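Note sheet for the following structure.
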Amino acid sequence: MTEAPAAGDIGLDLGATLTKVVLLEAGAPLLRFETRLFPRDDWPALDAFLAGRAGAFVSATGAGARRLSKESPGPRPVVLVDEFEAWGLGEQALLAGADFTPSRPHLLVSLGTGTSILRVDDGGRVVRVGGTGLGGGTLRGLGRLLLGESDHDILASLAAQGDRRKVDLLVRDLYGTGEISLSGDLTAANLGHVASHDPRDLAHAVVGLIGENVGLLAGALSQCHGGGRPIDIVYAGSTLRGNAPLREVLAFTNSLIGATSRFLPHGEFVGAVGALVAARRRRP
């Protein structure tokens, strides 16, 4: 791999909510990157960060990458990288620091503001196979509507203390023991009961709505692309950041069909890492 210039390399993933940044100092191994997070609309802060590293080699992916390439300070152009290419390369790089090796093929689920589901084949080829509008944007939107709170960290903390069984309609609310061949603790209708208005329970119920539906879709695609036998599902993206309840819901939902859920270390930065890797490969 070509060595970084003296000022180092910067990879950015400019999403609909957050700009994820990885900074690699000159000569540092790939997994020794530093990270930054900026709100998506805080362009002055991002511009100041980049202006302070004017000699860096900059690459970008995501919805805001083209705007950055037009407005970026400094003489060096921004290298644009396709988002799905960046995710595939970023996952490959971050798996070097993981304690698992996913099946080949497997699914890579990008849980950002919305959700994209990618299939990663034996040779590393990445193809988008599905997705949903449910994601971090849903968490913040429903959090604002139901709780008057849209901060991701606060909502995740509330959810970790809540019990969504007080808000969701469960199978046991409809059927007595033995009346149906389903566990009574399974969800019959998300937000279909609302016996509690405690913010913690409501936050947990919103996380459950997102996690169950993303998990069910990923699980179905896992079976489809595994020929009826589920392939591994690797989750990444900023919505998982500090969100243990969401991880638990995803893992449980996938376990119902026998699919193995994996969570990529530093997964919120997978696109930024991939943009950096792709740009390095293109550099003369």
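Calculated FRET efficiency, R67 to F252, Cβ-Cβ distance, R0 = 45 Å: about 0.70 to the nearest 0.05.
In terms of surrounding Cβ atoms within a 10 Å radius of their Cβ, V171, V109 rank from fewest to most as V171, V109.
For the chain, what is the calculated [θ] at 222 nm in deg cm²/dmol (nearest 500), taking -39500 (n - 2.57) for each run of four or more DSSP H residues and dividing by its residue count? Walk me through the intermediate numbers first.
On the way: 8 runs with 103 residues, N = 284.
Calculated from helices alone, the mean residue ellipticity at 222 nm is -11500 deg cm²/dmol.
Dividing the Cα radius of gyration of region 131-263 by its Kirkwood radius returns 0.98 for Rg/Rh. Across region 247-263, computed HN-Hα scalar couplings (Karplus, 6.51 cos²θ - 1.76 cosθ + 1.60, θ = phi - 60°) run 4, 5, 5, 4, 5, 5, 4, 5, 5, 5, 10, x, 8, 8, 9, 10, 10 Hz from first to last residue, x flagging Gly and Pro. The amide H of D232, built 1.01 Å from its N in the peptide plane, has S103, L107 as neighbours under 5 Å, considering only residues 5 or more places off or on other chains. Net charge in the neighbourhood of F84 (other residues with Cβ under 13 Å of its Cβ; Lys, Arg +1, Asp, Glu -1) is -3. Three principal axis extents of region 48-197 based on alpha-carbon atoms, in descending order, are 68, 42, 26 Å. With neighbours defined as other Cβ atoms within 10 Å of a residue's Cβ, the residues Y235, Y175 order from fewest to most as Y175, Y235.
A full extension of the chain between D99 and D41 corresponds to an added length of 17.4 nm, given 0.36 nm per residue minus the alpha carbon distance. Each other residue within a Cβ distance under 15 Å of E149 adds +1 if Lys or Arg and -1 if Asp or Glu, for a net charge of -1. Here the Karplus curve 6.51 cos²θ - 1.76 cosθ + 1.60, taken at θ = phi - 60°, turns the phi angles of region 171-176 into couplings of 4, 5, 6, 10, 10, x Hz, with x standing for Gly and Pro.
Using R0 = 22 Å, the C-beta based FRET efficiency linking A51 and E25 works out to 0.80. Considering only C-alpha atoms, what is the centroid distance from region 48-125 to region 241-284, in Å? If we compute the Cα centre of each part, the gap is 12 Å.
So for the chain, considering every pair of alpha-carbon atoms, how many percent are separated by more than 33 Å? Counting pairs separated by more than 33 Å, the tail of P(r) holds 27 percent.
Beta bridges from DSSP with both residues in the chain: antiparallel share about 65 percent, rounded to the nearest 5. With a ≥ b ≥ c the root eigenvalues of the C-alpha gyration tensor of region 194-284, is it rounded (a/c under 1.5), prolate (a/b larger than b/c) or oblate? Oblate.
Among T101, T17, the ranking by other beta carbons within 10 Å of each residue's beta carbon, starting with the fewest, stands as T101, T17.
We did not get these values from a lab; they are worked out from the coordinates using the rules stated. Not measured: the values here are computed from a predicted model. Here Cβ is always computed from backbone atoms with ideal geometry, including for glycine, and neighbour counts include all displayed protein chains.
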